[in-house]
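For reference, the structure is listed below as structure tokens.
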Amino acid sequence: MNPEAEEQATEARPAPGERRLHPVTPLRRAWAPVAVGAGWAVHDPDGAYRRVSDLAAETVLLAGGALVLFACLYGFLSWWFTHFSVTDTELRIRTGLVFRRTAHIRLDRLQAVDLNQPLLARFLGVAKLKMDVIGADKKDELAYLSEPDARALRAELLARAAGFAPEHAREVGEAPAAVLLHVPPKMLAISLALSGGMWAWAVTGIAVPVGLWFLTHSLPLVIGTGIPLLGAAGASSVGRFIKEYDWTVGASQDGLRLDHGLLDKAHETVPPGRVQTVHIVEPLLWRRRGWVRIELDVAGSSNDVLVPVAPREIAEAVIERILPGVVVPSGLSRPPASARWCVPLWWRGYGLAVTETVFAARHGRLSRKLSLVPHAKVQSVRLSQGPWMRLHGVADIHVETGANTSVAARLRSSAEASELLESQAERSRTGRREARPDRWMAGEGA
């Protein structure tokens, strides 16, 4: 065996402590070459049809067989050359056939480990893990593992990230969860019907194509415009119902557990101490029923929904679990009357409350959104004031968080804004000194 072949064979063999993914994984990865061919055919359908029609039937069958064989070989080799291992400090993933890539995921930087099961994966008894890492825009994933192995590895990674010593992490297992909230399907369906987004897209999806037909009489243009708009209406209604079906929030030692999904099951974790901002969204048609939606900004994580719909008092109790010691302020101060000249009609929709624990700002008249930023999560504070605002004696205060988001308290009086600029900076420094560590179990299991 020549040296190059021997080196490739060595790289293909798992090192001590390394493991391979589930044997069903090649079936998933074999679709990549087929998808490339399908993409070419969709991009140039007329050219693809002409080229295929010019070939003999035997040639088409041979080419199809070769493509299937190549896809199977690609799927097998990509699985064969993929290994992963858990060390004392990191999760290491080695991938690549031609260009080798090794991902080193520091365990103390893990934001969350989500377990997802698409519909077909549920039938095959496998699952994939997605790792949210602080400072990384792209998620690394392990797809697929058997469901028991995926749950055991997820529990081990969360225990390591929480601060448990490596020799105890496997013994910890998955922390038990107590159910805090369950969203009934009927409530979810009614909330989607009352949210207004579905109806806006539906009306647009009907009115725009009809208008284009009377103006152009071009059927391809009408179809090409109407289908995406109706698809958006479906995504904001049926799509959200399928995704948020059976939404359950549970409390455990490793954070709040989110389980949801009708076809694709998702098992996500929102770790305590790493939530940057909480948003309480209250659409106009929900207010009579007292319902709200809770959204999140979490640094390095795509988990942006905590509660799709719930009565306000129950939702606020969940917020107190994700932000310990935080009480949602009930009374907010409005901007001064001079603000009406800067934002006519809508200026009364803004509000502000600063408590010992959070900076709370509200905006919106039709759909209200109250944003809660813990003082410890504020990275910077700035004051903005244009010429027109300066003329009427108002200014905006912006606070930035570690999730690259900004919350603004708009149209405050100039004197109040200047005082807020100084006082909020001091509250943030004090909050960071007193904040609990992100590795919230370090004192219990390390």
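The values are calculated or read from the model by the stated rules, or taken from the named source; none is laboratory data. Not measured: the values here are computed from a predicted model. Here Cβ is always computed from backbone atoms with ideal geometry, including for glycine, and neighbour counts include all displayed protein chains.
Here are the numbers for this structure:
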read-out	value
Hits in segment 329-373 - residues which are under 17 Å from residue 287 (Cα atoms), crowded, with 20+ Cβ neighbours inside 10 Å and among the hydrophobic types (A, V, I, L, M, F, W, C)	370
Residue that is nearest to residue 359 (Cα to Cα) [pool: residues in segment 237-282 that are touching an Asp or Glu at 6+ places or on another chain (Cβ under 9 Å) and among the hydroxyl-bearing types (Ser, Thr, Tyr)]	277
Yes/no for residue 235 being among the hydrophobic types (A, V, I, L, M, F, W, C) and more than 26 Å from residue 131 (Cα to Cα)	no
Segments classed as strands (runs of 3 or more DSSP E), wholly inside segment 320-375, with at least 2 members that are modelled with pLDDT under 90	none
Members of segment 55-99 found to be touching a Ser or Thr at 6+ places or on another chain (Cβ under 9 Å), assigned to a helix (DSSP H, G or I) and of a type in the set (S, T, N, Q), listed by number	78
Filter result (in a strand (DSSP E or B), under 21 Å from the mean Cα position of the chain (by Cα) and farther than 16 Å from residue 362 by Cα) within segment 379-417	401
